[in-house]
Amino acid sequence: MHINIAPVLLASALVISAVSCSHHAITAAPVGFLSQPELMKKAGDGSWNYAAADIDWSKYKTVYVAPVVFAPDALGSGVWGNESDLPNLASKFRAALAGAMSARYQAAQGSGAGTLVVRAQIVKLAPNSPARNLAPQTQIGGTGYGFGEVAIEVLDGGDGTVLLEFAEVQTTSRFSTEKLSVWGSLEKSFTDWANRIAVSCQAK
């Protein structure tokens, strides 16, 4: 049995608070991209997750990482003017997820029995402003800091059972070097998120 992994629910975005770029926090469970967002519980500041009980990870031998997608208003109605960067960012995030999962699972070309399906949506994103981040006096309020908000789920590729759901926002750290690159903070988040999903998809 195969499942339809197409991101059919992209018309809705996650609910987030309208705050400045220096502080972002998910204030309610996501309602658009994830299959069963009501399963998630708050796990920390700006973080929600869910893991099914008693998952036998050993029965999965392969993984299919679906193309990463963006929420319709991910760039805030184009305010950042970086739409042309989105395809490359999506490819980098997908590659990070596939790379992290490859330590345990073989790559698959689609869903099916014995295969994990990983779906990811970038819900909100903003680039850094490197020129503003060069000196401490220009970093007041973090107005030059980028951020990324993500929703990820892992499904059983045979029957579509939701195994994991995860949503989080990461904001640039004042003492990071990533703030000196336009998308450095977001790309660091890609690695962090990918590694956390990969660790979660392993037998304990």
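Bear in mind that the values in this text are calculations on the coordinates, not laboratory data. The model shown is predicted, which means the values in this text are computed figures rather than measured ones.
Can you list the aspartates and glutamates whose alpha carbon is less than 14 Å from that of Lys92, not counting same-chain residues fewer than 8 positions off? Result set, ordered by chain and number: Glu187, Asp192.
Listed by chain and number, the aspartates and glutamates placed with their C-alpha closer than 19 angstrom to that of Lys41 are Asp54, Glu149, Glu153, Glu165, Glu168; residues fewer than eight positions away on the same chain are left out. Partners of Lys61 within straight-line reach, counting aspartates and glutamates whose Cα lies under 13 Å from its Cα and excluding those fewer than 8 residues away in the same chain: Asp156. With 0.36 nm allotted per residue and the present C-alpha distance subtracted, the Asp54-Asp192 stretch has 47.2 nm of extension available.
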